[in-house]
Amino acid sequence: MTTTPVEPEALEAAFEATIARHDRIEPRDWMPDAYRRTLVRQMAQHAHSEIIGMQPEGAWIGRAPSLRRKAILLAKVQDEAGHGLYLYSACETLGVSRAELTELLLTGRQKYSSIFNYPTLSYADVGTIGWLVDGAAICNQVPLCRTSYGPYGRAMIRICKEESFHQRQGYELLMTMMRGTDAQREMVQESVNRFWWPSLMMFGPPDADSPNSARSMAWGVKRNSNDELRQKFVDMTVPQAEALGVTLPDPELRWNEERGHHDFGEPDWEELAAVIRGDGPCNAQRMAHRRAAHEDGAWVREAASAFAERAGAR
Amino acid sequence: MTTTPVEPEALEAAFEATIARHDRIEPRDWMPDAYRRTLVRQMAQHAHSEIIGMQPEGAWIGRAPSLRRKAILLAKVQDEAGHGLYLYSACETLGVSRAELTELLLTGRQKYSSIFNYPTLSYADVGTIGWLVDGAAICNQVPLCRTSYGPYGRAMIRICKEESFHQRQGYELLMTMMRGTDAQREMVQESVNRFWWPSLMMFGPPDADSPNSARSMAWGVKRNSNDELRQKFVDMTVPQAEALGVTLPDPELRWNEERGHHDFGEPDWEELAAVIRGDGPCNAQRMAHRRAAHEDGAWVREAASAFAERAGAR
Amino acid sequence: PAELAAYCLMLGDDALIMSQRLSEWCSRAPDLEEDIALANMALDLLGQARLLLARAAAADPGVVPALPEGSPVPAEDALAFFRDAEQFRNVRLAEVENGDFAHVVVRLLLFSVARLALLERLRTSPDQVLAAVAAKGVKEITYHRDWAGRWFLTLAQGTEESRRRLETALEALWPYQAELLAPHTGFGVDPATLRGEVDVVLDQVFAVSGVERPGDAPPSDAGREPIGGTGRELPGGTGRDGAHTAALAPLLAEMQVVARAHPSGRW
Amino acid sequence: PAELAAYCLMLGDDALIMSQRLSEWCSRAPDLEEDIALANMALDLLGQARLLLARAAAADPGVVPALPEGSPVPAEDALAFFRDAEQFRNVRLAEVENGDFAHVVVRLLLFSVARLALLERLRTSPDQVLAAVAAKGVKEITYHRDWAGRWFLTLAQGTEESRRRLETALEALWPYQAELLAPHTGFGVDPATLRGEVDVVLDQVFAVSGVERPGDAPPSDAGREPIGGTGRELPGGTGRDGAHTAALAPLLAEMQVVARAHPSGRW
């Protein structure tokens, strides 16, 4: 077999053409370094979010108020671990190992979604996270199923399918609780009050302040702007809130006939900045939990490696 | 100052004379090695029992059902720590440090009272431990106030005073619960059922099987036989049980007019042997808890020493 | 039917309490694969618990705790969330506090070897429901046993530390093993009849791993059982009689807190 | 009277929840002396909590949760055991989970410096009961502050590890410090007026120990508060409004489990 040297310009042109045709880039294809870096950063952040995201809901598995809900919640949190796995695997196709990414998470050099730095204070939060947080995540992620990098897009297809199942389950929990006692209805409303604004922030800062977005969109790594997705989420959620019988805590929220969209208030971007900076209510706790699990498991991973080596040597 | 060499025989005679007069031996006095060893073993075991004994009751501080009971229980467990302190100090007068004794406890070379290897399963156990376990301990310990070794006797005077306060509080808790709901009365009876036999075992094996007792009694380290004390405890406790309205779980228990004492059934000595051997329901847990506390605190003790040295150097 | 209910409660409570302890591992395992595996086993056992508790309630409605008039709480939840510790019939092996990863491996091994032997026989139970639960359960528990056996071997032959931790866990949990095979009369397969089979499997795991089987005391030394069991019937007894370790009440306090705060709630 | 009750609840809940966390140290401290000291401080705070909750109930019986007809539960216990998380008014500093020994030292330091400043002023409260509680409390909390200050210095100047752990704890707990001095209008001394005094004491402890005071963000960066606090009123708020961390519900689940299981019980 002979290999023909290819000019860099030709490689770049081929890459651009693939993007332009909305075809997928695959691991063996040439790609620009910046594209690779952007992808790794985005997929890793997504993977980390799935893993950290196990904590706020996981805290309620032990206290789930019915066995059916316990099973649903346990399965959901397990799915999140599974999503983490797919995404770390997708990252590995770009030559970055799970161990390296874990290190980057644990040392704070890579981030995870800021939504998971908010506490879960009642069982209604399990429903609200499903409805609003998973709902927002889906809005963000559905376009990524068509993202230009093949393994990422394929992982997202599977993830989105499961996420929308989780979203329906969350909404159904809230529906059931709203048909329950007054105390339960209050619990739902209180939970929605706490999670509404943080959910809107999940789409990131306003487009004007989002420096990396333009290039990501050009590369087909990202396919819609933050503000577009945020608007879509609000429009989708308002009728669901009405059906549920809860009030969304935004006095400026109303239908704008002219725009054909809902107007809504401005999220507190300083709060988002604070949470991203590490000053959210649970940042320290989430990281400490993850670090402790990692450190407590070190001896097990070492034992497994030692055993595998010995078995291989035989 | 000149020191006159004294013949060993003279020392021994002086020691025996002190014992015979029921006077106290003090730390500076000469004493036989075996006497010293017996004392250290007995006092250390007692100190360890106070420390391990914090666990079964301490487990209920967080769950105490009234603030008044929480305060009483917290104070009681704190007193146990205090008793441990006095007794370790008394041991130190014989030249054994607390650190050495702790090491002997943590490596299993010294024992603690087997009663603390039984679990506490309801809040009634807090009362039952006060009534029966502290009651049995008092029967064992009151004679020790007149024990031949001065520092031990003096520690026991203080400890016995506090123990009988605890005993009254435990009995009072059970009395109050018996005036409460049916569920509370059942809780008390169930607790008494579990603790009755182990309490009888606190006096040790029958005299016939208690090899060290004779010498300890000759030295005035011990002043009553196991069986005498056990009988005294039963005689004292039966009318208290009647006043309380609980049944003691022994079908053979009845007043013997002739003996002027209660007859009672034989405790299960194999069970006692098993618990002493380490196979009681909570032996492993108690030791693991103690070891964990000791290890978790190592860095603090090191920091305190380092700080003290540095402060001393200035 | 009372005997059937008692039998189902016993097996259902074992599964429920094991599931609760396993699920405490969620987001805490040594790596993602094991996190998923542990959650999966917790889910399997939770599923078994639900079917068995529902069967117990159907066989003898008298076992279900009373709830306020008109409460929408289903029987399985009334049993899980509104009984107190002494009404639970699970073995104490299931309830003791979680330790390290070696502890969960040993607990699962001891538990699933015995449960698998039992479920295999229960597949031919005259009670159709129980037979169906057993048939499904056999597949699930086979996976649990294999997982635990594989990790037992890995830890035994891994590093010095893993070996030490494995042995510590085995020593701590072994005294609870006998309770899994305590005689049960009345309905169903008597666990005591499974001892031979269970011993063969465990001995094989020990042999392959090069781990010594923990000492069963010689027969004359009957005090070896955790709370004795010689001569006079002890007030305590075993988990099957409702006599539990101090670890069960706090487990239930957590598990039941939300359900009990809303006895008329819908979830 | 409603304002007096609200004020007493706030101070009483602080003491109750701190006491509960401190008492978790029982039988777990680095040595016997500190075990006793921690239990002693837990007892002091429990005593303060009882007086303050009773005062709140006397001032405004409306704050006391309703219990079954004829329940013998006293008001202090109804308040402690039958309120839910969102009805507690304690600062979040009191409720966050226990960490290592450095964590308890830092928590006690921050808590008692602020509480001491408050109680010193409350000694002249027009409410006689509150004044008496404050007078007694000043002596107790002075001891707590001194204990914490002494250990803060010891850990800061002890070993590298103790220094590291102290700084980690300080970093973790500092964000909760501001809540102790959040403005409170209505009855009583406004904690916000104590900031100067509290800062002087803390700065002295930091200076003597050679530990840098954790960064308060520059004034323009208002997002530094744990849950923001800029612009729009956040749904959360602080512990004083009943907005607590996720740690409070499990704490209460444990604390309240026996009392709630026996709403007509006598203890």
Quiz prompt | Verdict on residue D:37 being free of Cβ contacts under 8 Å to residues at least 24 places away in the same chain, surrounded by fewer than 24 Cβ atoms within 10 Å (Cβ to Cβ) and of a type in the set (A, V, I, L, M) | solution = no
Quiz item: Here are some conditions: (1) open to solvent by 70 Å² or more (accessible area, probe 1.4 Å); (2) under 28 Å from residue C:214 (Cα atoms); (3) touching a Lys or Arg at 6+ places or on another chain (Cβ under 9 Å); (4) not aromatic (Phe, Trp, Tyr). Residue B:289 meets all but one. Which one does it not meet?
Solution: (1)
Quiz item: Taking the condition within 20 Å of the chain's Cα centre (by Cα), part of a helix (DSSP H, G or I) and farther than 26 Å from residue A:15 by Cα, does residue A:90 pass?
Solution: no
Quiz item: Restricting attention to the range B:160-207, and to residues there that are small (Gly, Ala, Ser) and in contact (Cβ under 8 Å) with a residue 12 or more places away in the chain, which single residue is nearest to residue C:242 (Cα to Cα)?
Solution: B:191
Quiz item: Among the numbered criteria (1) within 25 Å of residue A:167 (Cβ to Cβ); (2) among the acidic types (Asp, Glu); (3) buried (at least 19 other Cβ atoms within 10 Å of the Cβ), which single criterion is violated by residue A:228?
Solution: (3)
Quiz item: Got a sec? Which of C:52, C:16 is touching a residue at least 24 places away in the same chain (Cβ under 8 Å), more than 9 Å from chain A (Cβ to nearest Cβ), within 14 Å of the chain's Cα centre (by Cα) and surrounded by 20 or more Cβ atoms within 10 Å (Cβ to Cβ)?
Solution: C:52
Quiz item: Within the range A:299-310, can one find any residue that is open to solvent by less than 30 Å² (accessible area, probe 1.4 Å), under 23 Å from the mean Cα position of the chain (by Cα) and not aromatic (Phe, Trp, Tyr)?
Solution: no
Practice problem: Just give me the residues in the range A:67-81 being facing chain C (nearest Cβ under 7 Å) and either at pLDDT below 95 or open to solvent by 10 Å² or more (accessible area, probe 1.4 Å) (or both), in sequence order. | Solution: A:71, A:75, A:78
Quiz item: Has the range D:106-120 got at least one residue that is open to solvent by 30 Å² or more (accessible area, probe 1.4 Å), farther than 21 Å from residue D:239 by Cβ, away from every other protein chain (no Cβ under 14 Å) and part of a helix (DSSP H, G or I)?
Solution: yes
Quiz item: Do you know which of the residues in the range C:81-97 that are open to solvent by less than 10 Å² (accessible area, probe 1.4 Å) and within 14 Å of chain A (Cβ to nearest Cβ) is nearest to the chain's Cα centre (by Cα)?
Solution: C:95
Self-check item: Those residues of the range C:154-191 which are open to solvent by 40 Å² or more (accessible area, probe 1.4 Å), assigned to a helix (DSSP H, G or I) and modelled with pLDDT of 95 or more, in sequence order
Solution: C:160, C:161, C:163, C:164, C:165, C:167
Quiz item: Is it the case that some residue within the range A:91-103 is under 30 Å from residue A:30 (Cα atoms), at the interface with chain C (Cβ under 10 Å from one of its Cβ atoms), open to solvent by less than 30 Å² (accessible area, probe 1.4 Å) and not β-branched (Val, Ile, Thr)?
Solution: no
Practice problem: Considering each of D:31, D:100, D:77 in turn, give the residue that is open to solvent by less than 40 Å² (accessible area, probe 1.4 Å) and among the acidic types (Asp, Glu). | Solution: D:77
Self-check item: Evaluation of residue B:71 against (1) without any contact (Cβ under 8 Å) to a residue 12 or more places away in the chain; (2) under 28 Å from residue D:30 (Cβ atoms); (3) out of contact with any Leu (no Cβ under 8 Å at 6 or more places or on another chain) (one fails), failing number
Solution: (3)
Quiz item: Out of A:251, A:206, A:239, which single residue is more than 30 Å from residue D:172 (Cβ to Cβ) and within 14 Å of another protein chain (Cβ to nearest Cβ)?
Solution: A:251
Quiz item: Between residues in the range A:277-292 that are facing chain D (nearest Cβ under 10 Å) and residues that are part of a helix (DSSP H, G or I) and open to solvent by less than 30 Å² (accessible area, probe 1.4 Å), which pairs lie under 6 Å by C-beta distance while being six or more apart or on different chains?
Solution: A:280/A:117; A:282/A:117; A:283/A:117
Practice problem: Go through (1) acidic (Asp, Glu); (2) surrounded by 15 or more Cβ atoms within 10 Å (Cβ to Cβ); (3) in a loop (DSSP other than H, G, I, E, B) and name the single condition residue B:252 misses. | Solution: (2)
Quiz item: Applying the selection to the range B:51-65, what residues are surrounded by fewer than 24 Cβ atoms within 10 Å (Cβ to Cβ) and free of Cβ contacts under 8 Å to residues at least 24 places away in the same chain?
Solution: B:62
Quiz item: Across the range B:10-49, what is the total count of residues that are of a type outside the set (Ser, Thr, Tyr), open to solvent by 10 Å² or more (accessible area, probe 1.4 Å) and under 30 Å from residue D:29 (Cα atoms)?
Solution: 6
Quiz item: Looking at residue A:309, is it within 11 Å of chain C (Cβ to nearest Cβ) and either assigned to a helix (DSSP H, G or I) or modelled with pLDDT of 90 or more (or both)?
Solution: yes
Quiz item: Counting only residues that are among the small types (Gly, Ala, Ser) and without any contact (Cβ under 8 Å) to a residue 12 or more places away in the chain, which one in the range C:196-217 is farthest from residue C:150 (Cα to Cα)?
Solution: C:217
Self-check item: Among the candidates A:216, A:199, residue that is open to solvent by less than 60 Å² (accessible area, probe 1.4 Å) and modelled with pLDDT under 95
Solution: A:216
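Yes/no matrix, rows are residues, columns are (1) at pLDDT 90 or above; (2) over 20 Å from residue D:172 (Cα atoms); (3) crowded, with 17+ Cβ neighbours inside 10 Å:
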{"residue": "D:214", "(1), (2), (3)": "yes, no, no"}
{"residue": "D:219", "(1), (2), (3)": "no, yes, no"}
{"residue": "D:227", "(1), (2), (3)": "no, no, yes"}
{"residue": "D:232", "(1), (2), (3)": "no, yes, no"}
{"residue": "D:241", "(1), (2), (3)": "no, yes, no"}
{"residue": "D:244", "(1), (2), (3)": "yes, no, yes"}
{"residue": "D:247", "(1), (2), (3)": "yes, no, yes"}
{"residue": "D:251", "(1), (2), (3)": "yes, no, yes"}
{"residue": "D:263", "(1), (2), (3)": "yes, yes, no"}
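The values are calculated or read from the model by the stated rules, or taken from the named source; none is laboratory data. As the structure is a computational prediction, the values presented were derived from the model and not from experiment. A quick note on method: Cβ atoms are made from the backbone with ideal geometry, for glycine too, and the neighbour counts reach across all protein chains shown. Ligands, DNA and RNA are excluded from the accessible area calculation, which covers all protein heavy atoms including side chains. Shrake-Rupley method; radii C 1.70, N 1.55, O 1.52, S 1.80 Å.
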